[in-house]
Amino acid sequence: MTNSALSYRSSVNKNLTILVDQFGYRPDDQKVAVIIQSVNPEPDSEDSSLDTDTEFPAIADYLSDTYQVISLATGSSVYEAKTSIWNQGEVHSQSGDRAAWFDLSSVHTPGQYVIQNSRTGEKSAEFEISKSVYRDILVAATRMFFYQRSGFEKHPPFADERWVDDAAFLGPGQDTEARFVDDKDNSALERDMRGGWFDAGDTNKYVTFAVSAVHKFLDAYVQNPEVWTDDFNIPESGNGIPDLLDELQFELDWLERMQDDDGGVFIKLGTLDFDRAEKPSLDRRPRFYGPKCSSSSIANAGMFAHAALVFRDIPALEFSAKTLQDKAILAWDWFMTHPIQTDCDTQEIKAGDADRSEAEQIGLAVSAAVYLFALTENPIYDSYIVQYFQDTRPFESFGWAIYESHVGDALLAYTQLESGRPETQDDILQAFVNSLEPLLADQANLEELDPYRAYMPDAQYHWGSNNIKANFGNEFYNLIVHNDSENSSPESYSAAALSMIHYLHGVNPFGMVYLTNMYDYGVTFSANEMYHEWFGRGIYSNALTSPSGPAPGYLTGGPNRNYTGSAPLAEYPPMKAYLDSNQGGDLRMWEITEPSIAYQSSYIKLLSKFVAGDI
């Protein structure tokens with residue numbers, strides 16, 4: 001039996017056939033458990049006979065059983081009903097499963113519960129019903145960014161003893177005295193580029209890769225500021241500034257260090273090989289920064305302008321806002337006076353290509369122009385928006401901003417500006433609604449499309465599919481804010497957004513919470529491994545079999561139907577192209593389980609919409 005087969009089975013909790021959001025539900029939200037029977041088992045497994053139509057009658061009986069909601073406080077049933085079989089018992093092509101739904105939305109009373117099959121006694125994971133059910137999860141997920149800090153120690157009381165490390169990359173030739181990659185022996189070009197976040201499962205730092213996280217943090221704060229308190233247990237907690245913004249400031253400080261005096265921005269910082277140490281603080285490799293590029297410069301312009309717009313209304317951050325505004329204008333001017341480059345990053349610094357296409361850079365410029373116009377009302381920015389807004393990706397693909405969300409969100413922000421041009425605002429809003437109509441039609445047709453109630457097309461089950469799931473949810477929620485037509489349906493939009501959260505919280509073919517090591521938060525089955533240069537090695541290997549496992553709250557990449565590693569994932573439906581593994585080499589788990597600040601921020605932004613601030 002191959003190691004990859006063993007890894008595949010470890011990704012599935014076969015004891016969970018009654019799937020719920022393993023954290024739980026808010027009292028008045030729709031709550032639908034999914035009952036599954038896999039008919040697409042692992043090849044050559046003992047259950048392979050299930051992949052036949054002759055087995056369906058028994059499966060149908062199983063799926064149509066009566067189920068009870070049991071209160072853990074009293075041990076008694078508070079609700080009982082039969083299921084509804086999904087799509088007349090058809091096999092779901094994206095998962096290879098047959099399924100049924102058990103609707104328990106009528107259960108509103110706060111408490112701890114489990115669902116039980118009345119005939120077989122099989123049980124779901126335990127879950128909670130509470131107004132504040134997602135509060136602790138939001139804190140854990142946000143703290144991922146503290147663990148991703150570069151050049152900053154992770155020690156108690158801010159880091160659990162299981163995940164301590166000293167400050168990394170502050171030694172000779174590292175981030176405080178980084179050399180220019182194209183002139184490595186020139187000490188006169190050394191720069192202090194300490195700080196910022198590790199981008200993903202590596203320890204390098206990329207300006208253009210920070211775009212999604214920075215903008216989503218800012219939007220998450222503005223759209224629900226009361227949930228962002230000052231007590232997330234980071235070193236800045238208690239300073240009177242919401243901890244989300246403190247964490248963001250740590251990244252912005254690094255982004256400022258990446259900007260040259262003339263406004264141009266160096267594109268990335270990192271090492272020249274893959275010879276990593278056991279953990280970052282032990283890594284002594286020299287660090288190098290890349291050239292000033294058009295993509296990184298216009299990326300900084302947008303991030304700085306957006307941050308300035310948010311920070312200027314917070315007294316403790318007013319000075320920072322003025323600095324960021326000035327630096328945003330400087331970066332904008334540099335971009336406008338230099339040609340667009342699409343091959344600026346030679347990738348000698350490993351590993352990701354930080355360049356952006358010309359079309360993507362136009363989108364970044366439109367985004368920057370929106371926030372600069374909101375700050376200054378200078379008509380040059382408005383003119384740029386009007387000239388180029390229809391050339392951006394939200395106008396060219398379905399789903400509005402499931403890709404390049406920073407552009408779609410900036411365009412929607414423009415529609416709310418009193419000084420914006422009404423005809424342009426109308427064009428943006430109409431395109432936004434039209435682009436989401438296919439998604440809404442899909443969500444209304446779940447009886448045929450997705451028993452897991454979080455539909456997206458096969459093509460979106462690619463590298464980082466969990467990020468796209470979260471972005472689908474964010475776009476559904478955007479409809480609540482930006483679609484005020486007479487046909488608007490806020491309740492259905494909210495339910496659609498929540499369905500993406502439930503998928504990530506365990507209502508998926510693996511019955512897995514796609515956040516790492518959440519057992520201390522009450523889940524039954526969580527992602528046990530992730531690909532990471534620190535948390536994915538040594539004692540951090542597996543949450544169940546190693547002394548600590550990965551730190552909690554990291555969102556893994558998700559199923560990837562385009563996976564190129566050695567595991568036989570091409571044999572499985574798109575939703576099952578996943579392994580709970582942290583292995584590199586031929587397995588290439590960076591394509592499956594590697595986390596990212598982009599994925600994490602998409603999830604955090606979405607989850608924050610459903611966290612109450614007055615509890």
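Laboratory data are not the source of any read-out in this text; all were calculated from the coordinates shown. A quick note: this is a predicted structure, and the numbers were derived from the prediction, not measured. Cβ sites come from the backbone with ideal geometry, for glycine too, and all protein chains shown count toward neighbours.
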Worksheet entry | Ranked packing of 138-148, 377-387, most packed first, by mean Cβ within 10 Å | 138-148, 377-387
Discussion item. Mean Kyte-Doolittle hydropathy of 1.0 or higher plus an axial Cα length of 20 Å or more: which whole DSSP H helices in the chain meet both?
Written reply: 294-311, 358-376
Discussion item. Taking amide H atoms as placed 1.01 Å from N in the peptide plane, list the residues 5 or more away in sequence, or in a different chain, whose amide H sits under 5 Å from that of Tyr79.
Written reply: Val69
Item to complete: Report, for the range 148-356, the % of DSSP beta bridges that are antiparallel, rounded to 5.
Response: 85 percent
Worksheet item: How would you rank 393-403, 499-509, highest first, on the average number of other Cβ atoms within 10 Å across their residues?
Response: 499-509, 393-403
Practice prompt. With θ set to phi - 60°, apply the Karplus curve 6.51 cos²θ - 1.76 cosθ + 1.60 along the range 505-510 and write out the HN-Hα couplings as whole Hz, x wherever there is a Gly or Pro.
Written response: 9, x, 8, 8, x, 8
Discussion item. Can you order the peptides 171-182, 264-275 by their average number of other Cβ atoms within 10 Å per residue, highest first?
Written reply: 264-275, 171-182
Discussion item. Using the basic label-point model (7 angstrom from Cα toward the beta carbon), what is the Lys82 to Glu396 distance in nanometres?
Written reply: 5.2 nm
Practice prompt. Would you mind getting me the FRET efficiency between Ser566 and Leu282? Use the beta-carbon distance for r and R0 = 35 Å, nearest 0.05.
Written response: 0.75
Item to complete: In whole angstrom, note down how far apart the Cα centers of the range 402-470 and the range 519-577 are.
Response: 28 Å
Worksheet item: How much mean residue ellipticity at 222 nm does the chain get from its helices, if each DSSP H run of length 4 or more adds -39500 (n - 2.57) and you divide by all residues, to the nearest 500 deg cm²/dmol?
Response: -10500 deg cm²/dmol
Practice prompt. Measure up Lys216/Lys322; Lys205/Lys322; Lys131/Lys609; Lys131/Lys216; Lys268/Lys469 against 18 Å on the Cα-Cα distance and list the ones that go over.
Written response: Lys216/Lys322; Lys205/Lys322; Lys131/Lys216; Lys268/Lys469
Item to complete: Considering Cα pairs under 8 angstrom that are at least six residues apart, work out the relative contact order of the range 129-180 and quote it in whole percent.
Response: 24 percent
Discussion item. Less than 12 Å apart at the alpha-carbon level, and either on another chain or at least 8 residues along: which aspartates and glutamates does that give for Lys154?
Written reply: Asp165, Asp166
Worksheet item: Counting only DSSP beta bridges with both residues in the chain, what percent are antiparallel, rounded to the nearest 5?
Response: 85 percent
Worksheet item: How many nm is it between the label spots at Asp192 and Asn15, if each spot is 7 Å from the Cα in line with the beta carbon?
Response: 5.4 nm
Worksheet item: Which label belongs to the value computed from this structure, given these candidates for Cα extents along the principal axes in Å: (1) 74, 57, 44; (2) 84, 65, 58; (3) 83, 73, 41?
Response: (1)
Worksheet item: Taking amide hydrogens as modeled 1.01 Å from N in the peptide plane, which residues meet the under 5 Å criterion relative to His92, leaving out close sequence neighbours?
Response: Asp97, Arg98
Practice prompt. Order by neighbour count: Glu529, Glu236, fewest other Cβ atoms within 10 Å first, most last.
Written response: Glu236, Glu529
Worksheet entry | Difference of contour (0.36 nm per residue) and Cα-Cα distance, Glu447 to Ser64 | 136.3 nm
Worksheet item: How far, in nm, would the chain grow between Ser546 and Arg119 when pulled straight, counting 0.36 nm per residue and subtracting the alpha carbon separation?
Response: 150.0 nm
Worksheet item: Counting only residues 5 or more places away or on other chains, whose amide H sits under 5 Å from the amide H of Thr66 once H atoms are built in the peptide plane?
Response: Ser118, Arg119
Worksheet entry | Label-to-label distance, nm, for residues given as Asp262 and Asp160 (7 Å Cα→Cβ offset) | 4.9 nm
